[in-house]
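The values are calculated or read from the model by the stated rules, or taken from the named source; none is laboratory data. None of these values were measured; they are calculated from a predicted model. Cβ coordinates were reconstructed from backbone atoms using ideal geometry, including for glycine residues, and neighbour counts include every protein chain displayed.
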Amino acid sequence: MDIFLWLLVAAFLVWEFYAHFIGKNKTAHTLSNRIWYLEQKYPKTRVLVAVACLVLCLHLTVRWV
């Protein structure tokens, strides 16, 4: 099951790299742009996003969760 999470993370990273650096997409609908907007509109979500990323990283690297 973890392979699907790794593939999802890889797909996200590839898409973000392509959209921001190759496609010069700075304002359209990418996940990082939506997260940035959400964090600006609702500052408390920054903690939620950070915790979710930390839990995902811990799960995928050391199988903590």
Legend entry - Subset of the range 24-54 (residues that are surrounded by 13 or more Cβ atoms within 10 Å (Cβ to Cβ), modelled with pLDDT under 85 and among the β-branched types (Val, Ile, Thr)): Thr30, Ile35
Inset, instruction - Kindly provide the set of residues from the range 1-49 that are closer than 18 Å to Leu60 by Cα and assigned to a loop (DSSP other than H, G, I, E, B), ordered by number. - result: Met1
Legend entry - Top-ranked residue of the range 55-65 - restricted to ones that are in contact with a Leu (Cβ under 7 Å, 6 or more places away or on another chain) and surrounded by fewer than 11 Cβ atoms within 10 Å (Cβ to Cβ), ranked as modelled with the highest pLDDT: Trp64
